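Only one structure is covered here, and it is reproduced in the block below.
What follows is calculated from the coordinates using simple rules that are stated; it is not laboratory data. This one's a predicted model, so the numbers in the text were calculated from it and none came from an experiment. When we count neighbours, we look across all protein chains shown, and the Cβ atoms used for this are built from the backbone with ideal geometry, even at glycine.
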Amino acid sequence: MKTKPDDSSSGTSTGDLNPTTIFDLLAHDHRRYTLHYLSQKVGAVSLGDLAEQIAIWEADPTYDYYERVLTGLHHTHLPKLAGAGVVCYDVERETVEALDAVDCLTPHLTLTAAADLQ
C-alpha cells in the first residue's frame, strides 16, 4: 500500500505548498533529516537505511534508538510527508522516494543543512 498525496495541503493545483504546510513539514528534525537524505539519493531508499542514517546523524546509532526512529518514521513522519505530496512512502516495500514537489522545500532545507547535519 502506497501512501498517496493529500491535495488539501497544496497551495495550488501545480503542487506548490503553502507556507504553513512547508513550516509544519520542516518543524521536526526527523522530517528534515529524511528530506536531506532523499536529496542525496536517486530513486527509492529503504526505510531501514533512512532510520539508520538518522540515528547516526543524531549521534545515537544504538539498536534501540534505531527502532524508535524507524517507528516514528513509519507511523508519523513519512505519512505526513506523503500526505503533503513531497514523498511516496510504500508501506509494503518499506521504501520512500522523493517526489517533484520536494523541490519547493529545497531553499528551506539549504538554510537548515549546516545546523542539522553537524
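Subtracting the Cα-Cα distance from 0.36 nm times the residue separation, let me have the gained length for Gln40 to Thr110 in nm, one decimal.
That pair, Gln40 and Thr110, stretches by 23.9 nm at full extension.
Among Thr34, Val91, Ile22, which residue has its Cα furthest toward the positive end of the charge dipole of the chain, with +1 on Lys/Arg Cβ and -1 on Asp/Glu Cβ?
Of the options given, the answer is Ile22.
Dipole magnitude of the chain about its Cα centre, charges +1 at Lys/Arg Cβ and -1 at Asp/Glu Cβ only, in debye to the nearest 20?
Here the chain has a charge dipole of around 140 debye.
What are the extents of the Cα atoms of region 2-112 along their three principal axes, in Å, largest first?
Sorted from largest, the Cα extents of region 2-112 read 42, 32, 23 Å.
I'd like to know which of Thr106, Ala44, Tyr66 lies farthest towards the positive end of the charge dipole of region 37-118, counting +1 on Cβ of Lys and Arg and -1 on Cβ of Asp and Glu.
Thr106
With a 10 Å Cβ neighbour count serving as the proxy for reagent exposure, in which order, fewest first, do Tyr65, Tyr33 appear?
Fewest-to-most Cβ neighbours within 10 Å comes out as Tyr65, Tyr33.
Helix-derived [θ] at 222 nm for the chain: sum -39500 (n - 2.57) over DSSP H runs of at least 4, divide by residue count, nearest 500?
The per-residue figure over the chain is -13500 deg cm²/dmol.
Given region 50-100 reduced to its alpha-carbon atoms as identical point scatterers, what log10 I(q)/I(0) does the Debye formula return at q = 0.19, 0.28, 0.31 Å⁻¹?
Once normalised to I(0) and log-transformed, intensities are -0.63, -1.04, -1.12.
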